[in-house]
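All remarks here apply to the structure that follows.
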């Protein structure tokens, strides 16, 4: 989708601080971090919500990259949170699948 900001970032054309790039997935620093570490893991392929993500290998790749970035950022040992927001009540504001990796502080519960 040409006007999707995450498609633009996935192509390498957007303004973003990349922490990972491969042929399927990119990971970028969130512009409005909710934690000391807040990275978005984004498939290059445009898929609006995780409910439409039928490619199990791609879903696994998103988690694999998130775990790698957690190691890279030094938050793996103490723990971190992985979140998909789905639809308006789930807090999704950009309709292109993206996995939030949050860490670097204690995460309280409930989250919202």
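Of note:
- What the Cβ-Cβ distance of residue 22 and residue 77 gives, at R0 = 25 Å and to the nearest 0.05, is a FRET efficiency of 0.55.
- Projected label points at residue 32 and residue 67, each 7 Å from Cα along the beta carbon direction, are separated by 3.1 nanometres.
- Taking all Cα pairs closer than 8 Å and separated by 6 or more residues, the relative contact order of segment 5-103 comes to 31 percent.
- C-alpha long axis of helix 56-73 to longest principal axis of the chain, angle in °: 40
- For the chain, the Kirkwood radius over C-alpha pairs fed into Stokes-Einstein at 25 °C and 0.890 mPa s yields D = 173 µm² per second.
- Helical content of the chain, expressed as a calculated mean residue ellipticity at 222 nm, amounts to -7000 deg cm²/dmol (DSSP H runs of 4 or more residues, -39,500 (n - 2.57) each, divided by residue number, nearest 500).
No value in this document is a laboratory result; all are computed from the given coordinates. No experiment lies behind these values; they were computed from the predicted model shown. No Cβ is skipped: glycine too gets one built from the backbone with ideal geometry, and neighbour counts run over all protein chains shown.
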